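Enquirer: Here it is, the structure, as structure tokens.
Each reported figure results from applying straightforward, stated rules to the coordinates on display, with no laboratory input. Given the structure is predicted, the values throughout are model-derived calculations rather than measurements. Here the Cβ is made from the backbone with ideal geometry for all residues, glycine too, and neighbour counts use every protein chain on show.
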């Protein structure tokens with residue numbers, strides 16, 4: 001190492017050699033210059049990232065040459081995105097679920113002109129579970145494909161049943177939406193998640209109360225949002241921003257190869273990223289966890305130890321999404337395709353860092369380094385994300401959304417529903 005006269009800029013020998021070689025006053029034979037330059041460049045060509053099966057080239061940052069960076073120029077596009085987002089963002093200050101009113105209007109728009117007639121309901125029934133509210137009583141199909149998911153839905157229906165007129169609606173409790181815009185007409189099917197390719201009407205997922213993913217830590221399924229709000233808030237207070245580990249964190253099964261880049265980056269640079277695959281129900285061998293043994297699952301509350309948390313989609317939208325924000329950590333949300341009812345109200349660069357789903361290891365590292373090198377910015381976005389979820393996604397807001405979406409939906413029915421003989425009466429538990 002050597003330092004400049006100012007004493008505050010230290011360079012390693014390769015960087016020093018670079019300045020020496022390209023100093024215009026230096027007189028050296030051309031071939032010797034070429035040889036030294038190639039030696040210098042080779043020092044930077046060693047692979048910085050892991051491959052799937054070969055981790056032998058993975059090095060830690062401490063072993064790599066440190067290159068001086070002009071961060072203002074290096075991250076120019078990120079700062080521009082933040083500036084634009086902040087200049088165009090208008091925060092919703094409503095105290096109830098009216099912040100999500102545009103989403104309700106957008107989902108019901110395909111049915112507004114012609115309404116929803118009985119034939120349309122009949123043609124859609126085979127796709128999901130039919131519910132009826134008749135005389136303030138709740139009815140549905142005798143069989144439910146996912147009983148705990150139906151229980152999660154019914155918890156909220158009982159909360160609002162006294163506010164609803166007679167109605168009937170179809171609830172999809174599968175992960176995947178049902179009414180594709182590219183095949184046939186719009187069907188009024190309620191689904192918890194969708195992409196822009198679907199007509200489905202989004203509703204708050206059953207997992208706000210019951211029926212979320214079942215893992216060893218939550219064998220009955222991830223649910224009880226009210227309880228997780230409380231426990232995650234306590235964890236975030238216990239581990240404030242300045243005490244969090246300055247690295248990115250992810251735990252989850254390999255439901256999508258989109259997650260591979262972060263896991264591989266974590267293997268290459270564990271001081272920057274802790275990202276590992278866990279088992280899921282389809283796990284058969286280490287091949288399913290990218291040729292490494294599966295990692296243990298980590299409680300959601302322990303995610304709060306880290307400054308940067310990555311959210312990836314699952315089969316559809318991720319059930320962990322809302323939980324991560326309550327850690328008061330900076331959420332990196334990967335991909336913009338899959339939605340839940342509240343996603344559109346949250347804005348990239350305001351509440352979270354957006355990440356392209358095809359991001360490479362280099363792309364991910366650059367985003368993480370941007371956050372690390374701009375801590376005040378990272379903390380500000382993390383705080384806004386946390387405040388949004390804490391203030392706008394309370395249990396009362398979930399009840400409010402269910403009431404509003406069903407009230408607006410019921411106005412579109414062109415007939416008066418009558419009790420179907422093949423349905424059973426559901427009693428409040």
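Enquirer: Spin-label point model (7 Å from Cα, Cβ direction): what's the residue 214 to residue 337 distance in nm?
Expert: 2.9 nm
Enquirer: Just subtract the alpha-carbon distance of residue 421 and residue 395 from 0.36 nm times their residue separation and send over the number in nm, one decimal.
Expert: Gain on stretching residue 421 to residue 395: 6.0 nm.
Enquirer: Hey, another quick one. So what does log10 I(q)/I(0) come out to for region 284-417 at q = 0.09, 0.11 Å⁻¹, using the Debye formula with one equal point on every Cα and no solvent?
Expert: -0.36, -0.51
Enquirer: Can you sort 206, 349 from fewest to most other Cβ atoms within 10 Å of each residue's own Cβ?
Expert: Details: 206 25, 349 20.
Lowest count first: 349, 206.
Enquirer: Turning to a different aspect of this structure: Which order results if 92, 304 are arranged by neighbouring Cβ count within 10 Å, fewest first?
Expert: On the way: 92 14, 304 27.
Least to most surrounded, the residues fall as 92, 304.
Enquirer: Exposure proxy check: 166, 376, 397, 197 ranked by fewest other beta carbons within 10 Å? Mind dumping the intermediate values first?
Expert: Values: 166 16, 376 7, 397 21, 197 13.
The fewest-first ordering by Cβ neighbours comes to 376, 197, 166, 397.
Enquirer: How many angstrom lie between the C-alpha centres of region 95-145 and region 401-429?
Expert: 7 Å
Enquirer: Follow-up. Between the alpha-carbon centers of region 233-248 and region 347-361, tell me the distance in whole angstrom.
Expert: About 21 Å separates the Cα centre of region 233-248 from the one of region 347-361.
Enquirer: Expressed as a rounded percentage, what relative contact order does region 335-429 have, with Cα pairs under 8 Å and six or more residues apart?
Expert: 27 percent
Enquirer: Still on this structure: Measuring from label point to label point, each 7 Å out along Cα→Cβ, what is the residue 176 to residue 237 span in nm?
Expert: Between residue 176 and residue 237, the label points sit 4.4 nm apart.
Enquirer: For Cα pairs less than 8 Å apart in space and 6+ apart in sequence, what is the mean separation divided by the residue count of region 232-312, i.e. the relative contact order in percent?
Expert: RCO, region 232-312: 43 percent.
Enquirer: May I ask what percent, to the nearest 5, of DSSP beta bridges between residues of region 125-258 are antiparallel?
Expert: The answer is about 75 percent antiparallel.
Enquirer: What are the extents of the Cα atoms of region 377-429 along their three principal axes, in Å, largest first?
Expert: Ordered largest first, region 377-429 gives principal extents of 58, 31, 15 Å.
Enquirer: Evaluate the distance, in nm, between pseudo-label points positioned 7 Å from the Cα of residue 123 and of residue 74 along their respective Cα→Cβ axes.
Expert: Modelled inter-label distance: 5.8 nm.
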